[in-house]
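What follows is a short report on a single structure.
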Number of protein chains: 2
Amino acid sequence: MKKVLVVGANGQIGKRLVTLIQKSSHLEAKAMIRNREQATFFKNLGVQTVVADLEEGVDTFVKAVADVDAIVFTAGSGGHTGKDKTIMVDLDGAVKTMEAAKSANIRRFVLISSFDTTRESILDANSSFAPYVAVKHYADEWLKGTDLDYTIIHPGVLTNDEGTGQVNVGSKVERGEVPREDIARVILASLENDKTIGKEFQVVGGTKSVKDAVDSV
Amino acid sequence: MKKVLVVGANGQIGKRLVTLIQKSSHLEAKAMIRNREQATFFKNLGVQTVVADLEEGVDTFVKAVADVDAIVFTAGSGGHTGKDKTIMVDLDGAVKTMEAAKSANIRRFVLISSFDTTRESILDANSSFAPYVAVKHYADEWLKGTDLDYTIIHPGVLTNDEGTGQVNVGSKVERGEVPREDIARVILASLENDKTIGKEFQVVGGTKSVKDAVDSV
């Protein structure tokens, strides 16, 4: 039974992902949460929790990742919080988690990014959104510069609609909505499919089953 | 005559550095400025200028660096501007300049950082300053990850006092004041001393001549 640390487990994708992992037959989840008050949801699912703040030192993370086989980083400040948090969570938090992974020799790392983090998209974004895109760009580039077995997932416009299990994926797809539940399914399918290692792809709602879509990247 | 592009030429260190370079016998300056209104100071010194905004695309920079032999990046949003600018100037502006340097095959790159940008200093900083330190940390780390002939200079508390020409340098010196004029001298001395390639060091006011101090790193 492989254990997956979900960083940002209490987030909207995180909770759905932990739930799916627990239902799967050969993976189990470990939820990294910011404080004890967030633990109830996970305890009710029978999921191990570890309390760690992304603004703490790398040592904290090394302990959190110690007994896992893979890491999913789905913490995010969102595009509308202060840029302070964007830097400290989306960039520094992500990089510290990568450093902890390397230090604990956990090779598999799945990063949930934003839809378009290319150099061009930083230029195209308006001045209030560009810094957010830039930070996501650098977190992605940092991961690609490591020798971790990474997958970077770029979701479209996230909704809380019920998942359909049908998506489109690709290196450059048309921007569109995608239910968070389907992103959670894509993450799970990526963890289960080593063809996604060293890849990054966008995901929107579509017409292919998650399994087939992920297998096509 | 080697030509040095000063990015952030209109800044307080930038102006002093351009002036010093013009006085030196074997270097000449090219001032990168944000708009034409900033050109007068440099024209009066007989210095070539190029107008480019750090928030523009890499192409702009490639043109700016085309005819130079070295680049000094001393642009900075300062610790007290919005974090938007910190991301866009101190991180994205710096990395785009590095990318332009690589693309134009300019190997020599001197980056003016802040006093302490270690992982520990991010943790030690208070919550409003930590994001600034983190951004400087990542700009420094990014440069170290390139194969450019870099030097990273970490100045102490900057003052507008007249320079003394006497400094202390080292990988870990006690925090103290240092005149901007002396930092400009240290930059010039670093450009003239290849022993500084691949090095980073802190600089505060001290007791050694700039030349000897820089030669000791």
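If the condition is being open to solvent by 50 Å² or more (accessible area, probe 1.4 Å) and under 22 Å from A:MET88 (Cβ atoms), then the range A:21-34 contributes only A:ARG34. Residue under question is A:ALA101, and the condition is that it be within 16 Å of the chain's Cα centre (by Cα), part of a helix (DSSP H, G or I) and away from every other protein chain (no Cβ under 14 Å); does it hold? Here the answer is yes, as A:ALA101 does meet what is asked. Among the residues that make up the range B:136-143, is at least one of them within 11 Å of chain A (Cβ to nearest Cβ), part of a helix (DSSP H, G or I), more than 29 Å from A:ASP59 (Cα to Cα) and free of Cβ contacts under 8 Å to residues at least 60 places away in the same chain? No. State which residue is nearest to the other protein chains (Cβ to nearest Cβ) when the search covers only the range B:104-122 and only residues that are open to solvent by less than 20 Å² (accessible area, probe 1.4 Å) and among the aliphatic types (A, V, I, L, M). If we take residues in the range B:104-122 being open to solvent by less than 20 Å² (accessible area, probe 1.4 Å) and among the aliphatic types (A, V, I, L, M), then B:ILE122 is nearest to the other protein chains (Cβ to nearest Cβ). Checking each residue in the range B:28-61 for being small (Gly, Ala, Ser), outside any loop (DSSP other than H, G, I, E, B) and under 17 Å from the mean Cα position of the chain (by Cα) picks out B:ALA29, B:ALA31.
Just one of the listed residues (A:VAL18, A:VAL7) is free of Cβ contacts under 8 Å to residues at least 40 places away in the same chain, buried (at least 17 other Cβ atoms within 10 Å of the Cβ) and not small (Gly, Ala, Ser), and it is A:VAL18.
Given the criteria assigned to a loop (DSSP other than H, G, I, E, B) and either open to solvent by 50 Å² or more (accessible area, probe 1.4 Å) or touching a residue at least 40 places away in the same chain (Cβ under 8 Å) (or both), does B:ALA64 qualify? No; evaluated as a whole, the condition is false for this residue. Within the range B:123-156, the set of residues being of a type in the set (A, V, I, L, M) and open to solvent by 10 Å² or more (accessible area, probe 1.4 Å) comprises B:LEU123, B:ALA125, B:LEU148.
Does the range A:53-64 contain at least one residue that is touching a strand residue (DSSP E or B) at 6+ places or on another chain (Cβ under 8 Å) and closer than 26 Å to A:PRO131 by Cα? Checking the range A:53-64: at least one residue is touching a strand residue (DSSP E or B) at 6+ places or on another chain (Cβ under 8 Å) and closer than 26 Å to A:PRO131 by Cα.
The values are calculated or read from the model by the stated rules, or taken from the named source; none is laboratory data. It should be emphasised that the depicted structure is a prediction, and the values quoted were computed from it without experimental measurement. Neighbour counts run over all protein chains shown; Cβ positions are idealised from the backbone, glycine included. All accessible areas refer to the heavy atoms of the entire protein, side chains included, with ligands and DNA or RNA removed. Shrake-Rupley method; radii C 1.70, N 1.55, O 1.52, S 1.80 Å.
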